[in-house]
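Report on the structure given below.
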Amino acid sequence: MKRIPGHPAAYVGRGSAERLGDALAQLHVKRLLVVHGRTSYERSGAHRFITALSGRHEVEHFDGVQPNPGIEQIRAGITTMRRFGPEAVIGIGGGSSLDVAKAIAVLAEQRRSPEDCLRHPEVITEVRRCALVLMPTTAGSGSEMTQFATVYVEGRKRSLDVDQARADLALIDQDLTESLPLGDSVSTGLDALAQSIESYWSVAATPASQTLALDALGRLLPALALAADTGVFSDPRVRTELAHGASLAGAAINISRTTAAHALSYDLTLRLGLAHGTAVALHLPWLLERHARLTDPDCRHPQGSAAVRDAVADIENIAHTQAGRGVRQLTEQLLALAGRPTGIEQLALPADRWLAPMTAALASGRAANNPCVLTVADLLPLLTE
């Protein structure tokens with residue numbers, strides 16, 4: 001078991017989940033609200049660790065978290081928080097469950113409505129009073145490492161981004177990912193890969209975030225290549241490296257934030273039902289190619305376009321060295337393995353439906369963090385007439 005840098009108390013490795021009981025004892029908490037989905041909680045085996053606590057703790061469940069949580073789930077969770085009054089919130093599951101746990105732990109204390117808090121983060125003035133513990137059952141969202149959570153309000157993606165949404169303790173145990181279905185393994189693995197790449201070239205990147213991103217790539221790329229070649233994610237080496245690499249990627253984006261691949265992905269998820277990691281991965285190849293030919297007039301990176309081109313070269317060199325192939329080839333192999341579209345052109349996105357939301361995405365904060373200024377001209381090749 002190892003401590004992940006970039007977080008005050010994040011531990012990765014087989015057996016990490018077994019530390020939960022001792023950790024709660026150190027936090028001196030008895031009333032626990034466990035936030036999770038209906039299937040992953042049982043399938044992953046995480047329920048065993050909560051059952052073991054029942055004799056010493058009062059446990060309430062907020063279950064049934066759905067992918068891409070909407071404001072209705074947050075309102076329901078806040079109602080449960082205020083009724084039960086937990087001393088600790090434990091989020092278990094993929095990114096959606098962890099995001100819901102973070103959101104309700106923070107927003108239940110606020111005087112303003114959750115909608116107001118998500119639209120106007122400056123009104124978040126009250127301090128989270130309960131402890132927050134996160135245990136991922138996927139290797140890819142990075143939510144266990146970050147201070148932000150995604151919530152959809154009236155069909156629009158909103159981000160909670162405050163320091164108190166960061167967990168007091170994160171326990172990353174690869175054994176909890178063993179039962180993850182193939183499609184989910186591919187999607188979450190590609191999400192982690194995209195986070196690493198985007199963090200590395202981000203306008204807001206720092207030496208610390210770039211070190212984390214490179215460390216993540218060094219673990220993710222060979223593991224994803226092995227999975228692509230064997231057609232399975234069950235190899236213990238794959239699970240171990242993906243769990244570790246995904247958490248490093250999460251630590252990296254907590255500093256740098258993500259960029260255009262994420263900004264452009266949310267509407268694909270919301271409107272087409274594509275898994276988040278799949279939607280992000282479909283944008284990676286063309287963005288890498290666009291950034292590889294970036295010139296100063298289209299560059300917003302503080303170090304200039306040459307630094308961005310060098311970053312792309314670094315990424316591709318690591319991919320060829322560690323995975324034996326470029327990012328595009330690896331991404332397409334994994335998407336094909338999961339039975340997903342391997343290129344964004346296969347979605348046949350009609351311009352009259354998609355140009356407006358994609359253009360709006362380019363005006364978002366995540367897109368503003370992208371080193372290359374993207375325009376409608378960059379989007380048109382992705383769309384059909």
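The values are calculated or read from the model by the stated rules, or taken from the named source; none is laboratory data. The shown structure was predicted, so the numbers you read here are calculated from the model rather than taken from an experiment. Methodologically, a virtual Cβ is constructed for each residue, glycine included, from the backbone with ideal geometry; neighbour enumeration extends over all protein chains shown.
Only residues in the range 106-119 that are polar (S, T, N, Q) count as the first member; pair them with residues that are at pLDDT 95 or above and surrounded by 16 or more Cβ atoms within 10 Å (Cβ to Cβ), Cβ under 8 angstrom, at least 6 apart or cross-chain, and list the lot.
Going by the 8 Å Cβ cut-off, the qualifying pairs are Gln110/Cys117; Gln110/Ile124.
Which strands (runs of 3 or more DSSP E) sit wholly inside the range 85-170 and have at least 1 residues that are out of contact with any Cys (no Cβ under 8 Å at 6 or more places or on another chain) and within 18 Å of Arg257 (Cα to Cα)?
Working: elements: 88-93, 131-136, 148-153, 156-161.
Fully inside the range 85-170 and qualifying: 148-153, 156-161.
Can you tell me how many residues within the range 222-266 are among the hydrophobic types (A, V, I, L, M, F, W, C), in a helix (DSSP H, G or I) and within 16 Å of Leu337 (Cα to Cα)?
Keep residues of the range 222-266 that are among the hydrophobic types (A, V, I, L, M, F, W, C), which gives 223-228, 232-233, 238, 242-243, 246, 248-249, 251-253, 255, 260-261, 263-264.
From what's left, in a helix (DSSP H, G or I): 223-228, 238, 242-243, 246, 248-249, 251-253, 255, 260-261, 263.
Filter again for within 16 Å of Leu337 (Cα to Cα), leaving 223-228, 238.
The total comes to 7.
Just to be sure, is Ala17 part of a helix (DSSP H, G or I), in contact with an Asp or Glu (Cβ under 9 Å, 6 or more places away or on another chain) and in contact (Cβ under 8 Å) with a residue 40 or more places away in the chain?
Details: part of a helix (DSSP H, G or I): yes; in contact with an Asp or Glu (Cβ under 9 Å, 6 or more places away or on another chain): yes; in contact (Cβ under 8 Å) with a residue 40 or more places away in the chain: yes.
Judged against the criteria, Ala17 is a match.
Report, by residue number, each residue of the range 38-51 that is part of a loop (DSSP other than H, G, I, E, B) and at pLDDT below 95. If you could, list the steps in order and put the result at the bottom.
First, the residues of the range 38-51 that are part of a loop (DSSP other than H, G, I, E, B): 38-39, 44-46.
Hits for the range 38-51 are Arg38, Thr39.
Results for (1) buried (at least 24 other Cβ atoms within 10 Å of the Cβ); (2) of a type outside the set (A, V, I, L, M, F, W, C); (3) in contact with a helix residue (DSSP H, G or I) (Cβ under 8 Å, 6 or more places away or on another chain), shown as yes or no for each residue.
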{"site": "Ser113", "(1), (2), (3)": "no, yes, no"}
{"site": "Leu160", "(1), (2), (3)": "no, no, yes"}
{"site": "Gly183", "(1), (2), (3)": "no, yes, no"}
{"site": "Asp191", "(1), (2), (3)": "yes, yes, yes"}
{"site": "Ser202", "(1), (2), (3)": "yes, yes, yes"}
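Is it the case that some residue within the range 57-65 is of a type in the set (Gly, Ala, Ser) and at pLDDT 95 or above?
No, the range 57-65 contains no residue that is of a type in the set (Gly, Ala, Ser) and at pLDDT 95 or above.
Over 23 Å from Val186 (Cβ atoms), assigned by TED's automatic domain parsing to the domain that holds Ser305, β-branched (Val, Ile, Thr) and more than 19 Å from the chain's Cα centre (by Cα): which single residue out of Thr211, Thr230, Thr206 fits that description? Break it down stepwise before answering.
Details: Thr211 fails: more than 19 Å from the chain's Cα centre (by Cα); Thr230 fails: over 23 Å from Val186 (Cβ atoms).
Sole residue among the options that is over 23 Å from Val186 (Cβ atoms), assigned by TED's automatic domain parsing to the domain that holds Ser305, β-branched (Val, Ile, Thr) and more than 19 Å from the chain's Cα centre (by Cα): Thr206.
Residue by residue through the range 51-69, note down the ones that are aliphatic (A, V, I, L, M) and either surrounded by fewer than 20 Cβ atoms within 10 Å (Cβ to Cβ) or in contact with a Pro (Cβ under 9 Å, 6 or more places away or on another chain) (or both).
Those that are aliphatic (A, V, I, L, M) and either surrounded by fewer than 20 Cβ atoms within 10 Å (Cβ to Cβ) or in contact with a Pro (Cβ under 9 Å, 6 or more places away or on another chain) (or both): Ala52, Leu53, Val59.
Name the one entry in Gly55, Gly64 that is free of Cβ contacts under 8 Å to residues at least 60 places away in the same chain, among the small types (Gly, Ala, Ser) and touching a Gly at 6+ places or on another chain (Cβ under 8 Å). Break it down stepwise before answering.
Working: Gly55 fails: touching a Gly at 6+ places or on another chain (Cβ under 8 Å).
Sole residue among the options that is free of Cβ contacts under 8 Å to residues at least 60 places away in the same chain, among the small types (Gly, Ala, Ser) and touching a Gly at 6+ places or on another chain (Cβ under 8 Å): Gly64.
Can you go through Glu144, Glu122 and tell me which one is assigned by TED's automatic domain parsing to the domain that holds Pro8 and touching a residue at least 40 places away in the same chain (Cβ under 8 Å)?
Selected residue: Glu144, the only one of Glu144, Glu122 that is assigned by TED's automatic domain parsing to the domain that holds Pro8 and touching a residue at least 40 places away in the same chain (Cβ under 8 Å).
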